[in-house]
Amino acid sequence: MHDDGYFDESVAARYDDDENFAPEVVDPTVDFLAKLAGSGRALELGVGTGRIALPLAGRGVPVHGIDISKAMLAKLVEKPSASDVAVTVGDFASTKVEGTFSLVYLVYNTIMNLTEQETQVACFRNAAHHLEPGGRFVVEVLVPRLQKVPSGEEYHAFHVSETHWGIDEYDIATQSLTSHHLMMIDGETHRSSTPFRYVWPAELDLMAQLAGLQLKERWGGWNREPFTGDSEAHVSVWRKPEDERTGFRSIADN
Ligand SMILES: C[S@@+](CC[C@H](N)C(=O)[O-])C[C@H]1O[C@@H](n2cnc3c(N)ncnc32)[C@H](O)[C@@H]1O
């Protein structure tokens, strides 16, 4: 694998064509995060090309981003207002940056880029390390689509169109997921296969608890849609207690 992980120059070059750059996705995300950041600083884990960090900085929130991919960060730094976002190259499960933050966030399924339970747990600890007391850690991630995979089968076609076939391959024994994409771009076929570790909301809560964080909110989306058994994704918010000795109180006490 390349030093940039799975986000090399060719991925970075077309990353911003993604439908998640649409204002109807970005605006509610930034509204949600800006409110939580308040007058404090925000740290984005896996900042990428700045899809969220740049508009959040535009709202007056000082943002620092960590990313392992120099190719993705190169795209960020060439954008207008890039100087509003500080960046550090590194693995967000372990990289430390200076200072503390009222908000640490990890969006767009990026927790699943950590393909071991151990590194996902380390990521929660790293987020907690950077939070000031009372600060929030926000994760946006899909709910594993195992109900769509019939018993004995491994594949789920999650996107089929003239120009894009997306197929997830599940390994239930190892809780791993490989997303295969075949895309027609300018008349050429591009293939990619990216490994992930899918993770359940309850498992994330346990990782948060190990890191001394408490679940504060869980929504079905950035517009605060209720989280239900039918939700395909969730936006979860954990809080670092004001007094770390109270870290294991029930959420009803918050
Ligand atoms: C799906 S993109 C999301 C980018 C951005 N947060 C967004 O919402 O558009 C995932 C990003 O996480 C980065 N990434 C993946 N694993 C990482 C790791 N272990 N440490 C740091 N960055 C990582 C990738 O390089 C990529 O830029």
(request) Only residues that are free of Cβ contacts under 8 Å to residues at least 60 places away in the same chain, surrounded by 13 or more Cβ atoms within 10 Å (Cβ to Cβ) and part of a loop (DSSP other than H, G, I, E, B): list them for the stretch 169-220, please. (result) Ile172, Gln175, Trp200, Gly220
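So that you can scan it fast, the table gives a plain yes or no per residue for (1) part of a helix (DSSP H, G or I); (2) at pLDDT below 95; (3) of a type in the set (Gly, Ala, Ser); (4) under 16 Å from the mean Cα position of the chain (by Cα):
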residue: Pro55; (1), (2), (3), (4): yes, no, no, no
residue: Gly65; (1), (2), (3), (4): no, no, yes, yes
residue: Pro80; (1), (2), (3), (4): no, yes, no, no
residue: Asp91; (1), (2), (3), (4): no, no, no, yes
residue: Gly99; (1), (2), (3), (4): no, no, yes, no
residue: Phe124; (1), (2), (3), (4): yes, no, no, yes
residue: Val138; (1), (2), (3), (4): no, no, no, yes
(message) So the check is Cβ under 7 Å with 6+ separation or different chains; which pairs have a first residue in the stretch 46-73 that's closer than 21 Å to Asp8 by Cα and a second one that's within 6 Å of the ligand (Cβ to nearest atom) and among the aromatic types (Phe, Trp, Tyr)?
(response) Gly46/Phe92; Ile66/Phe92; Ser69/Phe7; Ala71/Phe7; Met72/Phe7
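With Tyr105, Tyr170, Tyr155 as the choices, which residue is touching a helix residue (DSSP H, G or I) at 6+ places or on another chain (Cβ under 7 Å) and not assigned by TED's automatic domain parsing to the domain that holds Lys240? Spell out how you get there, then give the answer.
Working: Tyr105 fails: not assigned by TED's automatic domain parsing to the domain that holds Lys240; Tyr155 fails: touching a helix residue (DSSP H, G or I) at 6+ places or on another chain (Cβ under 7 Å).
When all the criteria are applied, what remains is Tyr170.
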(request) Being under 21 Å from Leu33 (Cβ atoms) and within 13 Å of the ligand (Cβ to nearest atom) is the filter; apply it to the stretch 78-92 and report the residue that is surrounded by the fewest Cβ atoms within 10 Å (Cβ to Cβ). (result) Lys79
(request) Give me the pairs, please: first residue somewhere in the stretch 123-149 and assigned by TED's automatic domain parsing to the domain that holds His234 and on the phi > 0 side of the Ramachandran plot, second residue anywhere and modelled with pLDDT of 95 or more and part of a strand (DSSP E or B), beta-carbon distance under 7 Å, and either six or more positions apart or on two chains. (result) Gly134/Arg239
(request) Kindly check whether there is at least one residue in the stretch 67-74 that is out of contact with any strand residue (DSSP E or B) (no Cβ under 7 Å at 6 or more places or on another chain), crowded, with 18+ Cβ neighbours inside 10 Å, hydroxyl-bearing (Ser, Thr, Tyr) and within 28 Å of Trp238 (Cα to Cα). (result) yes
(request) Return a yes/no flag: does the stretch 65-75 have any residue that is more than 13 Å from the ligand (Cβ to nearest atom) and either over 17 Å from Ser192 (Cβ atoms) or touching a His at 6+ places or on another chain (Cβ under 7 Å) (or both). (result) no
(request) Report the residue count in the stretch 30-53 for those that are within 15 Å of the chain's Cα centre (by Cα) and more than 8 Å from the ligand (Cβ to nearest atom). (result) 5
(request) Kindly list, by first and then second residue, each pair from a residue in the stretch 91-118 that is within 19 Å of Phe196 (Cβ to Cβ) and touching a residue at least 40 places away in the same chain (Cβ under 8 Å) to a residue that is within 13 Å of the ligand (Cβ to nearest atom) and part of a loop (DSSP other than H, G, I, E, B), limited to pairs with Cβ atoms under 7 Å and residues at least 6 apart or on different chains. (result) Phe92/Gly46; Leu106/Gly46; Val107/Ile52; Thr110/Gly46; Asn113/Gly46; Leu114/Ala93
(request) Mind telling me which of the residues Val87, Val104, Val61 ends up being in a strand (DSSP E or B), in contact with a Leu (Cβ under 8 Å, 6 or more places away or on another chain) and farther than 28 Å from Glu203 by Cβ? (result) Val87
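The values are calculated or read from the model by the stated rules, or taken from the named source; none is laboratory data. No experiment lies behind these values; they were computed from the predicted model shown. Positions of Cβ are backbone-derived with ideal geometry, glycine not excepted, and every protein chain shown enters the neighbour counts.
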